[in-house]
């Protein structure tokens, strides 16, 4: 009897359980897309790489050994796609200079309570914008660790599995990312200015 695909992100899934690939895509596509959008800040590229992620996973499904959960495996593929995309030399100038700012309506689903007052929603959007701006200036590794931790709510061991870094290295990158984001956030709010 074949086991059902678990929707739990940490469930370990063996290669023979990847048979219902449509269910796997439906379960994990929002998370993969969210990570790619947060990493690249370009909706079209995030959509394309999300498709690429699942195409690669489908082609490699026979090689999946079940040593980690499906979410971790897919996130590892997505992180590699981000790294490959950002390291490709072609069109770097255009990517850097023509990259559109992310529309805050794209991240409004990340905000937990949609029934707040318009003022509270505006303040929350401004905070998201400030944090987003600060995260955009992080190094590639720091940004990846930061996004996996705070956007995808992954623990340090999961992040280590996704990125291929040791847990201590993940901690160091996360610590530096948090320092940078806090400093930028506080300076934008006027809290970090000298008195």
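Readers should treat all values here as calculations from the given coordinates under stated rules, not as data from a laboratory. None of the values given here were measured: they were computed from a predicted structure. Backbone-built Cβ (ideal geometry, glycine too); neighbour counts: all protein chains shown.
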Between residue 119 and residue 157, how many nm apart are label points set 7 Å from Cα along the C-beta direction?
4.6 nm
State the extension gain, in nm to one decimal, for the chain segment bounded by residue 63 and residue 128, taking 0.36 nm per residue of separation less the distance between their alpha-carbons.
19.5 nm
